Amino acid sequence: MSLIEIKDLKVHYPIRSGFWNRITDSVRAVDGVSFNIEAGETYGLVGESGSGKSTTGKSVVGLEKVTSGSIMYKGLDITKAENRRKLDYNHDVQMIFQDSLSSLNPRKRIEDIIAEPLRNFEHLSKDDEKLRVLQLLNIVGLDADALYKYPHQFSGGQRQRIGVARAVATNPKLIIADEPVSALDLSVQAQVLNFMKKIQREFGISYLFISHDLGVVRHMCNNIAIMNRGRLVEIGTRDDIYNHPLHIYTKRLLAAIPETDVNSREAHRASRLAVEQVYQDQQSKYYDDNGAAYPLVQVTPTHAVALPQTIAQQLASQEGEVQA
Amino acid sequence: MAENFEQHSDISAADLARLTQEAQAEATPSTAKIIWSEFKADKPAMAALIIIVGFILFVMIGALFINTPKMMETNIMGYFNQPFTADFWLGADSAGRSVAKQLIVGSRNSIGIAIGLTVISSTFGICWGLISGYFNGYIDWGMQRIYDFMMMLPMTMMIIVLVTIIPHYNSVTLTFIFSIFYWEGTSRLIRSRTLAESEKDYVAASKASGTSHWKIIFREIMPNISSLIIVDCTLSFAENIGVETGLSYLGFGLPSQTPSLGTMIANANDPNNITQYWWTWLPAALEIIILCLSISYVGQVLRRAADSSQRQGSVN
Ligand SMILES: Nc1ncnc2c1ncn2[C@@H]1O[C@H](COP(=O)(O)OP(=O)(O)O)[C@@H](O)[C@H]1O
Ligand SMILES: [Mg+2]
C-alpha cells in the first residue's frame, strides 16, 4: 500500500460577484488530480506557475479546504478534519515553504519556531525539547548560536535550513517541499538539496517535491507528475519523463531547462523554438475543446499521458522508433 | 525516535548546558530592552515619559488626600481668589473652590476614565478585529454586519441620550457607556491588518504544526501587529482624554459635583473668565495639551522600537 493515495482531488475557489455577492464562477485551481506517494521516495510535482501545485501540496498537508476527492493515509480520508485529528496527521506530514522569510514568524526566536510542532505533538520536558532543537540545528548545519536569534538575522539559505529543521522536528513520514529552493542562489540551491537528500536517507522520509523547474527535480525524484492548468498531463518515472516525454507541455518544460554548455546553446535555442511552435500549432491535438487536458491513459506500466488513446499510442510508438 | 536524532547528530545531553550558554551570549535582546534603549537614546521622549508617568502618579496619589465633597463646598470668602497665594496656589473659581485641588481630582477622574476607556475599548476592538480578520468567512461576515450597525448609530447623540436616561451614574458607568461606542475604529484597523497577516506562510506553518486557532491568533499574529496596536492605543488614549472632557464641557459628562478637566475648561464659557479670571480654565487646558503631546510622542517611540528595523538607539 502506498503511503498516501490522492484520488480525483479537486479544489475550486469560488468567484463572487454581483449585488448579492453570490458565487458566479470558480477558479479550478486543482481539477481532478490522482497520484500515489510511496514510503521513502521523492515524488516530483512539476508545472509552471499557477498550475495548482501549491494548492495540491497544501491539500495534502490539510491546509486547504478540498472541494471533492480523497486523500487516503493509513486508511482514513484526511481531507476531513476529524480524521486528521484522530491520526495526529501533522505529526507525520509536514511542509517546507517556498518563501523562507514569510514562513518563519518574524517575532519568534528560532528555538520557539523549531519547537512549535514538538510542543503540540510530543510534549517533551524543557531540557529534552531544547536538546532536540539543538540536535536539529546541528543536523541542518547551523550553530547553537542560532537558538535565541530571530529569522531576519539569517540569510535565505540559512532560513530555509531552519524551515527544514522545523519540518523534520517530529520525524515525519512525509514532507511536502513547495519549491524549497526556488528563492535561493544557484550555489545555495545545491547545498540545500543535498542536505535534504541526506536527511531523507537518515530519517527515511518521503518528499512531495514541488517545482516549476524540471532541471532541479531531475536530481531529486524517482517519479514525476507534470501538472498543467489544475490537471496532470503526464506521469512517469524519471526515465519516462526526461527521455520519452509524450505530452507537448512536458516537452516544453524540458526545453525550458537552461543550457549550461556554451557550445550547444544555439542548438538548444533552435529546439526550444521548434517545441514552442508545435505547442502553438497543435493546441487542439493536446487539449480538449475547453482547453483542458484529457484524462490520463496508460502507455506503459509506469508511464501515463493525458491524451486520447489513439494519439497516445501513436506518439508512444514514434518515440519507441526513435529509441530503437 | 529520540534515538534517531541522537544517532544523526553529534550533540548529546552532555552538551546542553554549554550550548545553551553559548546561545545566550549571542541572544538578541528582548523587546523590553530594545524599548528601554530607544528611550535612553531619545531624550525628549524620556522627558515625555517622565511627565506622563509622574503626573499620573501625582494626581492618583494626590487625589487620595483630598476630601472631594468638602472641596466642592461653596466658600464665599474665596470668591475668585487670585492665584499664587498661600491658601489657593492656583486661585479659586466663582464659588471660591480651590482650582489646584479641583485640578488634581479632576485630572484623576478624567485620566482614570480615559485609561479605563482605552483598556476596555481597545481590548475589545483588538479581539474583535483579530477574530473577524482571521476567520474570514461567515464569522467575519456576521461580525462586520454588527460593526456596520454600530457605525450607523450617531455616537455622541447616543451617549447623551444614555447619560440622560440613566438616573444615577458615576465615572465607572460612564466609562462603560463610552466603551460601547469606541471600539469600532480599532477593530476595523486591526481586522484589515489581520486579513493580510493571515495569508502569510508562517500562519500556514503554525496550522501545519498543529497549533490551535486561538494560539495562532493571539500568540502568532498579534505580536506581528503589535506596532499597530501600540500606536492605536496611544492615539486612542490621547483621544479618549478628549472624549470625557468634551462631553463634560457640554454638560453631559460627569455629574456637576464631580470635577473633571472638562468641567474646569467649561469655566471658559463665561467671557469674564476668559480674560479676567484666566486661572479658572487655563491650567486645565494647558494640562490637556501637554499630556496629549507627550502621549503621542511616547507612542511614536514605542512604535519605532516595535518596528525593530527602524531602531535608532544602539543596543548593548
Ligand atoms: N485562495 C485563493 N483564492 C482564489 N484563487 C486562488 C487561491 N489560491 C490560489 N488560487 C489560484 O489557483 C491557481 C493555482 O495556484 P497555485 O496552487 O498557487 O499554483 P502554483 O503553486 O502551481 O503556482 C492560480 O490560478 C491561483 O490564482
Ligand atoms: Mg506555488
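For this structure, a couple of remarks:
- Evaluating 6.51 cos²θ - 1.76 cosθ + 1.60 at θ = phi - 60° for every residue in segment B:68-77, the Karplus couplings come out as 4, x, 5, 4, 7, 5, 6, 9, 4, 4 Hz, glycine and proline recorded as x.
- Contact order for chain A, expressed relative to its length and based on alpha carbon pairs under 8 Å spaced 6+ residues apart, stands at 19 percent.
- A convex hull fitted around the alpha carbon atoms of the protein assembly as shown yields 228 Å³ per residue.
- Between B:Ser122, B:Ser227, B:Ser12, the Gaussian network model of chain B with springs among Cα atoms under 10 angstrom shows the greatest mean-square fluctuation at B:Ser12.
- Debye log10 I(q)/I(0) for segment B:60-116, one point scatterer per Cα, at q = 0.29 Å⁻¹: -1.13
- Space enclosed by the convex hull of the alpha-carbon atoms of segment B:34-310, per residue, Å³: 155 Å³
- Built amide H within the under 5 Å cut-off of A:Leu76, gap 5+: none
- Averaged over peptide B:196-203, the number of partner chain Cβ atoms lying within 10 Å of each residue's Cβ comes to 5.
- Put in line by how crowded their Cβ is, counting other Cβ atoms within 10 Å and starting with the fewest, A:Lys126, B:Lys101, A:Lys285 read A:Lys126, A:Lys285, B:Lys101.
- Partner aspartates and glutamates for A:Lys86 [C-alpha distance under 13 Å; skip if fewer than 8 residues away on the same chain]: A:Asp77
- The loop-placed GluC sites (Glu not before Pro) in segment B:1-93, going by DSSP, that have at most 16 neighbouring Cβ atoms within 10 Å of their Cβ come out as B:Glu26, B:Glu73.
- In Hz, Karplus ³J(HN,Hα) per residue of segment A:159-174 (6.51, -1.76, 1.60; θ = phi - 60°; x = Gly, Pro): 5, 5, 5, 4, x, 5, 4, 4, 5, 7, 3, 8, 6, x, 8, 9
- Bridges between two residues of the protein assembly as shown, per DSSP, are antiparallel at a rate of about 65%.
- Counting Cβ atoms of other protein chains within 10 Å of each Cβ in A:82-89 and taking the mean gives 1.
- Relative contact order computed over segment A:48-161 (Cα-Cα under 8 Å; 6+ residues apart), in percent: 22 percent
- For segment A:34-162, the calculated P(r) over all alpha carbon pairs, in 5 Å bins from 0 to the bin holding the longest distance, is 2, 9, 16, 18, 17, 16, 13, 7, 2, 0 percent.
- For segment B:247-301 versus segment B:189-203, the gap between their alpha-carbon centres in whole angstrom: 40 Å
- Put the Cα centre of segment A:60-97 next to the Cα centre of segment B:86-127 and the gap is 58 Å.
- D by Stokes-Einstein for segment A:161-287, Kirkwood Rh over Cα pairs, 37 °C, 0.692 mPa s: 201 µm²/s.
- Largest mean-square fluctuation among B:Ile165, B:Ile120, B:Ile104, in a Gaussian network model of chain B whose springs join Cα atoms under 10 Å apart, belongs to B:Ile165.
- Distances between placed amide hydrogens fall under 5 Å for A:Ser26 paired with A:Ile15, all partners being 5 or more residues away or on another chain.
- Gyration tensor verdict on segment A:90-157 (Cα atoms; rounded if a/c is under 1.5, prolate if a/b is larger than b/c, oblate otherwise): oblate
- By DSSP, the beta bridges lying fully in chain A are antiparallel in about 60 percent of cases.
- Within 10 Å of each Cβ in B:213-224, the average number of Cβ atoms from other chains: 2
- Segment A:220-250 and segment A:115-191 have Cα centres separated by 31 Å.
- Amide H to amide H, with H built 1.01 Å from N, A:Tyr43 comes under 5 Å of A:Tyr207, A:Leu208, A:Phe209, counting only residues 5 or more places away or on other chains.
- Shape analysis of segment B:138-297 yields a ratio of the Cα radius of gyration to the Kirkwood radius, Rg/Rh, of 1.11.
- The residues neighbouring B:Phe39, those whose beta-carbon lies less than 12 Å from its own, together hold a net charge of +2 under the Lys/Arg +1, Asp/Glu -1 convention.
- Relative contact order computed over segment A:236-324 (Cα-Cα under 8 Å; 6+ residues apart), in percent: 29 percent
- In summary, the lysines within cross-link reach of B:Lys101, defined as a Cα separation below 24 angstrom excluding same-chain residues under 8 places away, comprise B:Lys70.
- Ellipsoid semi-axes in whole angstrom, largest first, where each is sqrt(5λ) of the Cα gyration tensor of chain A: 36, 24, 19
- Near A:Leu76: Cβ cut-off under 9 Å, other residues only, Lys/Arg at +1 and Asp/Glu at -1. The net charge is +3.
- Tensor-based shape of segment A:37-110 (alpha-carbon gyration tensor, a/c under 1.5 rounded, otherwise prolate or oblate): oblate
- Sorted by Cβ density within 10 Å, fewest first, the residues A:Arg161, B:Arg304: B:Arg304, A:Arg161
- Of A:Thr24, A:Ser59, A:Met72, farthest towards positive along the dipole that unit charges on Lys, Arg, Asp, Glu beta carbons give segment A:1-92: A:Thr24
- Taking A:Glu116, A:Glu48 and counting other C-beta atoms within 10 Å, the order from fewest to most: A:Glu48, A:Glu116
- Coil-residue GluC sites (Glu not before Pro) of segment B:191-298, DSSP, other Cβ within 10 Å capped at 16: B:Glu199
- Hull shadow area, averaged, segment A:236-324 [alpha-carbon convex hull, nm²]: 6.4 nm²
- Over segment B:158-216, the hull volume per residue, using the convex hull of the C-alpha atoms, is 101 Å³.
- Hydrophobic, long helices, defined as DSSP H runs whose alpha-carbon span along the helix axis is 30 Å or greater and whose mean Kyte-Doolittle value is at least 1.6, occur in chain B at B:43-64.
Only the coordinates and a few stated rules stand behind these numbers; no lab work does. Quick caveat: nothing in here was measured; it's all calculated off a predicted structure. Positions of Cβ are backbone-derived with ideal geometry, glycine not excepted, and every protein chain shown enters the neighbour counts.
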